[in-house]
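The values are calculated or read from the model by the stated rules, or taken from the named source; none is laboratory data. In this text the structure is predicted, and so the values were computed from the model without any measurement. Cβ coordinates were reconstructed from backbone atoms using ideal geometry, including for glycine residues, and neighbour counts include every protein chain displayed.
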Amino acid sequence: MTTLTDDTATTPDAEAAPDAAATPDAEARSDAAASPDAEAKSDAEAKPATPALLDTVLKGPDEAADDEPPHALEPRAIRARRRPRAVLLLWAWELAGAFVIATPVYAWARRVWGTHPDGDAVLFEPGGHALLSWLAGGDSALAIVTSTSFVAFATFRLLGVIVTGTVVAMLATGRGERDLPVRASAALRTGIEAFFPLGGVGAVASIVQAVVVGIGFFASSSVEAWATPRFGDARAFTARVVALVLFLAVAAITGIVADLARVAVARDIAIGSRSKSTLRHIADGIGTGIRAARACLGRATLAWSWRSAASLALLWIGAAASDLVGARGGAVLFALFLFHQLVLLVRAGLRVSWLANALRLVLRTER
Amino acid sequence: MRWRSLLTLTALALVVGAGGPTAIAGPPATTPSAPDVPMLEHADEVASYTLRAKLDPAKHTVHGEGTIVWKNASKRSVQELWMHLYLNAFKNQSSAFMRAPIGGFRGGSVPADWGTIDLKKLVLVDGEQRHDLLATIELRRPGDQDETDARVPLPRDVQPGESITLEVEWEDKLPAVVARTGYDGTFHMVAQWFPKIARLEEDGSWAHFPFHRLGEFYADFGRYDVTIDVPSGFVVGATGQVVETREENGRHIERRVQADVHDFAWTAWDRFRVRKETIEGVEVTVLAPPGYDDLVERQLETIRFALPHYGARYGKYPYPVLTLVHPPATAPEAGGMEYPTLITTGQPSWLPRGVHSVEAVTIHEFGHQYFYGLCASNEDAWPFLDEGLNSYAEAEAMAAWKGKGSGLDFAGIRVEETAAHALRARLHGHDEKIAQGAGSFATGAAYGALVYSRTATILETLARVYGKEKMDRALGVYARRFRFRHPTPNDLIETIKAEIGAEAAENLRTALFEKGWVDYAIVQTSSHASHGPAGIFDRDGQRETVSRDKTRNANRYDGYVLVVRRGTLRFPVEIELVAVDGSRSRTRWDGAGETFRVPYSGTSPLRAAVVDPDERILLDDDPHNDFATVPGHSKAGAPRVLERATYWAAALLGGLTP
């Protein structure tokens, strides 16, 4: 098989070429191939195949793969279920971040209610007396807790870009004949290298989304103002919501395009395109994302939408479980914690599954 | 009027989410709370109005004319009348209403269009003689531009028991909707629209006052016979029963008559949708904009509960009609107001079912039929007598109906109205005294918190401490005994004293008039192995040294909890002691004195203590010092908050969608 070397650039064109030679090896081959023509060479002509085969013979397939650099996977090999460590990584990252974000409010609750014989159970009693007196009682700690948690949240969201890059690298590349997961260090290196390009894509997408939503608010309120004297405020409000939902849908589609761009950028870096500038990565990624969206927007939207619906449904189920548990503690609370983590784990799986889907769409479009 | 500010609390509560079993809705009260107390069937007719009003919806004007029959119901002769011309509150920025530097409550903005009431005719018909009173009317006081409180000198004294007849004609220019009156497009809410005679107290003094931003109204009962003339196609809602309607020359004319009331308001709009239903023998009409069917149904559900519930608590609703007006969303300031047999509600059409603000505002305004309408106390001098009692009655009714989620039962969060009241009561408890005139409050926020919430919280505390049945009966007696009788604060306190006791009455008086407050706190706890006295003892001529180890009882533990009572109110309270093995015991303190030491002795060490474990004293200034863990023992901590906060933080961190 053919492997990639770190510093050898694989252009998007080169990536797209192996459609005719639809094997992972052909798709990945590029160290010698500087042009699409070279990409079209058969497996038999690939020179590094011998050492890899030797490794396999001498060390067995897995051990041999340890020594090999990562190669790009073909679309059908890019599956979330083949990369459970990516799901675990995302879940663990979110859990770690959540603990940090939750710590200020936990510390505050512990200080105020920790000495109550029932602890914070009183906050969860129906009626809300303790809850209101705690949250809205004018305690200046609220501002400190809020701002601290916000800073922690923003920090983890920002650093989460690295995790996204890492996850995409794990999805998009593999080792050995069996496409085993790449080393964590290699994936993490991709994530770190992809930080600024991915951040750039995220910033562009956020700006576009903010503009779309801003226009949406303006347009929907204009619709409401126009409709109120004609149809009454209730129907005008419905019209406003419909108008706003349309713009939110556009913003969501922008997010889908942004995800397509993200995976394109991260994959590009993962398979070795490190000589590009950050701006080049951003521009290429956005271009790829837009091309992919134009080619298969319906499929992308469908793939994103059902996962979104499932994700929101899971959140709701988690909230309902909280409601069911109420003020109970001990083993019941621990069971709730486990259930919530299961919900979050499945949500992480949906996220990774969506990124894998986005990768496949990008690759298919590029061919 | 209803004060609403649950939104912030809701948002904050969402951070952690409260849980527990869903509250079960309860039926209305059916057993009268004070059946033995007689009620007046009718009010003394003191000020009766026969009026005709013609609306010009394009100019937003009302032309009015008619007669007023007024009786001197006091014990002294009078030489003048006082007449309220409250639409002039919106005439300019020199009115008492507009120049009050009050924010944070109702009517905070300058109206987009000014409003006026101009008297065109005021004639005293005295037998064959007719006296033009317009020539001598004194609209303003020296140095004051306010024209809402007019003095009308009379050509002769009016003796006690004597009636006089006035012919009046006037022109209203309605303001853009402000402070529950005015227009918004073709919607017109017409309140405080006619020259209205102030109330003459029994001692011959006039209870007259300019229209203040935080103030409301006070008047004598009478019979209102009002003919309303609007363009055809307009739907009218008004005080009283319709006795005649006709269409004439492109105009819709309807006549309304109602006795035993002290005000008259009406509304007209060409877009109202009408729904009617007879509930408990009362014809209930709901007027709402198109598209509000769900909210209309919710308001009717509320009245289906409220009519029998309030009837049992405070006496049967005596009128044959009740009209609910839901103003359009573009005129929110017209909402949340009470007039005899007519109330205005509000809230957006999309309001989720679990957010009970539409039920709360409906039940609150309906409750004003009792605490304002029937017990017509002076709203300007003692606003807590109507708004405070009514807020308590509202919270009591909502709790009886909706249980623990009476304020909010949404997304797993259940908040009682009393919790929101208690919170606001604490936040402003030391600002000003409750029992003062509306115009004396420095801020709208303090007015709202003290008059509405703190009064409601005081009464709720009395109910929880001394017994809800007693409180139900006390307010039931008050509402029945003072129906049509203009009660004062003293009437309320005396009723509480008679029905609940002197201690409760004194607490109420102190809380209302002296900014009374209370804070129970646990300031010390101790727990140790039980042992007898150690040391050096001279016994039987011999000196003996007893070590601590020898006196120790391995199976017993002693300790104590020291509770202090701060503040000027004194309530009996329970203290709960919690041992390490989970056992709990309670001790009652009568609240006398300033400190109370609760001894502990048990087979398990004392772990923690709580004062007022059942949250009876909602007035408690600081609920966060009501409990303590004995030093050296593990704290219960906040694992639930950590778990919930972690879950939601992870969810947010991951994004709501993939």
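In the list B:Ala638, B:Ala609, B:Ala645, which residue meets the criterion of being within 38 Å of the chain's Cα centre (by Cα), buried (at least 20 other Cβ atoms within 10 Å of the Cβ) and closer than 16 Å to B:Arg586 by Cα?
Numbers: B:Ala638 fails: closer than 16 Å to B:Arg586 by Cα; B:Ala645 fails: closer than 16 Å to B:Arg586 by Cα.
Within the list B:Ala638, B:Ala609, B:Ala645, the selection yields B:Ala609.
Contact map, the stretch B:125-137: first residue closer than 12 Å to B:Val152 by Cα, second residue surrounded by 14 or more Cβ atoms within 10 Å (Cβ to Cβ) and of a type in the set (Lys, Arg), Cβ cut-off under 9 Å, separation 6 or more or different chains; pairs are B:Ile137/B:Arg151.
Annotation: of all residues in the stretch A:103-118 being under 18 Å from A:Gly138 (Cβ atoms) and hydrophobic (A, V, I, L, M, F, W, C), the one that is farthest from the other protein chains (Cβ to nearest Cβ) is A:Trp108. A:Leu336 passes every criterion in (1) under 28 Å from A:Val201 (Cβ atoms); (2) surrounded by 17 or more Cβ atoms within 10 Å (Cβ to Cβ) apart from (1).
Within the stretch A:321-367, which residues are under 17 Å from B:Arg640 (Cα atoms) and outside any helix (DSSP H, G or I)?
Going through the stretch A:321-367, the residues under 17 Å from B:Arg640 (Cα atoms) turn out to be A:321-341.
If the condition is that a residue be under 17 Å from B:Arg640 (Cα atoms) and outside any helix (DSSP H, G or I), then A:Gly326, A:Ala327, A:Arg328, A:Gly329 are the ones that fit.
Apart from one condition, B:Thr362 fits all of (1) touching a Ser or Thr at 6+ places or on another chain (Cβ under 6 Å); (2) without any contact (Cβ under 8 Å) to a residue 40 or more places away in the chain; the exception is (2). The set of residues in the stretch A:128-149 being buried (at least 24 other Cβ atoms within 10 Å of the Cβ) and either in contact (Cβ under 8 Å) with a residue 12 or more places away in the chain or within 31 Å of the chain's Cα centre (by Cα) (or both) consists of A:Ala130, A:Trp134. Pull out all pairs, ordered by first then second residue, where Cβ-Cβ is under 6 Å, the residues are six or more apart or on different chains, the first lies in the stretch A:289-309 and is assigned to a helix (DSSP H, G or I), and the second is at pLDDT 95 or above and of a type in the set (S, T, N, Q). What qualifies is A:Ala303/A:Asn357. Within the stretch B:461-469, is there a residue that is within 15 Å of B:Leu512 (Cα to Cα) and not β-branched (Val, Ile, Thr)? Yes, that holds for at least one residue.
Listed here are the residues, each with its yes/no results for (1) part of a strand (DSSP E or B); (2) more than 9 Å from chain B (Cβ to nearest Cβ); (3) at negative phi; (4) crowded, with 18+ Cβ neighbours inside 10 Å.
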| residue | (1), (2), (3), (4) |
| --- | --- |
| A:Arg81 | no, yes, yes, no |
| A:Leu90 | no, no, yes, yes |
| A:Val151 | no, yes, yes, no |
| A:Thr155 | no, yes, yes, no |
| A:Val163 | no, yes, yes, yes |
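Checking A:Ser322 against (1) within 9 Å of chain B (Cβ to nearest Cβ); (2) of a type in the set (S, T, N, Q); (3) surrounded by fewer than 19 Cβ atoms within 10 Å (Cβ to Cβ), only one condition comes out false. Which one? Tallying (1) within 9 Å of chain B (Cβ to nearest Cβ); (2) of a type in the set (S, T, N, Q); (3) surrounded by fewer than 19 Cβ atoms within 10 Å (Cβ to Cβ), A:Ser322 fails exactly one: (3). Based on what the data block shows, is B:Arg644 closer than 30 Å to A:Ser311 by Cβ, basic (Lys, Arg) and within 7 Å of chain A (Cβ to nearest Cβ)? Yes: the conditions hold for B:Arg644. Just need a number here: residues in the stretch B:320-330 that are in a loop (DSSP other than H, G, I, E, B) and crowded, with 24+ Cβ neighbours inside 10 Å. The number of residues fulfilling the criteria is 3.
Determine whether the stretch B:583-592 contains at least one residue that is within 10 Å of another protein chain (Cβ to nearest Cβ), under 25 Å from A:Phe334 (Cβ atoms) and hydroxyl-bearing (Ser, Thr, Tyr). So far as the stretch B:583-592 goes, no, none of its residues is within 10 Å of another protein chain (Cβ to nearest Cβ), under 25 Å from A:Phe334 (Cβ atoms) and hydroxyl-bearing (Ser, Thr, Tyr). Tallying residues that are surrounded by fewer than 21 Cβ atoms within 10 Å (Cβ to Cβ) and of a type in the set (Gly, Ala, Ser) within the stretch B:612-635 yields 2. Listed by first and then second residue, the pairs linking a residue in the stretch B:615-627 that is facing chain A (nearest Cβ under 9 Å) to a residue that is polar (S, T, N, Q) and not in a loop (DSSP other than H, G, I, E, B), with Cβ atoms under 6 Å apart and 6 or more places separating them unless they lie on different chains, are B:Leu618/B:Thr457; B:Leu618/B:Thr461; B:Pro623/A:Ser133.
Tell me which strands (runs of 3 or more DSSP E) are completely within the stretch B:216-310 and hold 1 or more residues being surrounded by fewer than 22 Cβ atoms within 10 Å (Cβ to Cβ) and within 14 Å of chain A (Cβ to nearest Cβ), or say none if there are none.
Numbers: elements: B:222-231, B:235-238, B:241-248, B:251-261, B:266-269, B:273-279, B:282-288.
It comes to B:235-238, B:273-279.
Determine, yes or no, whether A:Gly214 is of a type outside the set (Asp, Glu) and not in a helix (DSSP H, G or I). So A:Gly214 fails the test.
Selection of the stretch B:410-434 for residues being more than 8 Å from chain A (Cβ to nearest Cβ), in a loop (DSSP other than H, G, I, E, B), surrounded by fewer than 23 Cβ atoms within 10 Å (Cβ to Cβ) and not acidic (Asp, Glu) yields B:His428, B:His430, B:Lys433.
Would you pick out the residues in the stretch A:131-143 that are small (Gly, Ala, Ser) and facing another protein chain (nearest Cβ under 7 Å)? Steps first, please.
Taking the stretch A:131-143 first, the residues small (Gly, Ala, Ser) are A:133, A:136-138, A:140-141, A:143.
Of everything in the stretch A:131-143, those that are small (Gly, Ala, Ser) and facing another protein chain (nearest Cβ under 7 Å) turn out to be A:Ser133, A:Ala136, A:Gly137, A:Gly138.
Of the residues making up the stretch B:53-91, those that are of a type in the set (Phe, Trp, Tyr), under 19 Å from B:Gly204 (Cβ atoms) and out of contact with any His (no Cβ under 7 Å at 6 or more places or on another chain) number 1.
Here B:Arg140, B:Arg151, B:Arg199, B:Arg180 are screened, and the one residue that is in contact with a strand residue (DSSP E or B) (Cβ under 9 Å, 6 or more places away or on another chain) and free of Cβ contacts under 8 Å to residues at least 40 places away in the same chain is B:Arg140.
Against the conditions (1) part of a helix (DSSP H, G or I); (2) within 7 Å of another protein chain (Cβ to nearest Cβ); (3) within 22 Å of B:Arg584 (Cα to Cα), A:Leu95 satisfies every one except (3).
Looking across the stretch A:291-306, the residues that are at the interface with chain B (Cβ under 10 Å from one of its Cβ atoms) and crowded, with 20+ Cβ neighbours inside 10 Å come down to A:Ala303, A:Trp304.
Among the residues of the stretch A:165-186, the ones that are more than 25 Å from A:Val204 (Cβ to Cβ) and assigned to a helix (DSSP H, G or I) come to 3 in all. If you go through the stretch B:331-351 and keep only what is in a loop (DSSP other than H, G, I, E, B) and among the aliphatic types (A, V, I, L, M), you end up with B:Ala331, B:Leu351. Which numbered condition in (1) more than 30 Å from B:Gly632 (Cα to Cα); (2) modelled with pLDDT of 95 or more; (3) not hydrophobic (A, V, I, L, M, F, W, C) is the only one that A:Pro104 fails? Checking A:Pro104 against (1) more than 30 Å from B:Gly632 (Cα to Cα); (2) modelled with pLDDT of 95 or more; (3) not hydrophobic (A, V, I, L, M, F, W, C), the one that fails is (1). Mind checking whether some residue in the stretch B:386-409 is within 14 Å of another protein chain (Cβ to nearest Cβ) and assigned to a strand (DSSP E or B)? Yes, the stretch B:386-409 contains a residue that is within 14 Å of another protein chain (Cβ to nearest Cβ) and assigned to a strand (DSSP E or B). How do the pairs read when you match residues in the stretch A:333-345 that are within 7 Å of chain B (Cβ to nearest Cβ) with residues anywhere that are surrounded by fewer than 18 Cβ atoms within 10 Å (Cβ to Cβ) and outside any helix (DSSP H, G or I), using Cβ under 9 Å and keeping only pairs 6 or more apart or on different chains? Filtered contacts from the stretch A:333-345: A:Leu336/A:Arg328.
If you check B:Ala438, B:Ala449, B:Ala422 for being in contact (Cβ under 8 Å) with a residue 12 or more places away in the chain, in contact with a Pro (Cβ under 9 Å, 6 or more places away or on another chain) and under 30 Å from B:Arg644 (Cβ atoms), only one passes: B:Ala422.
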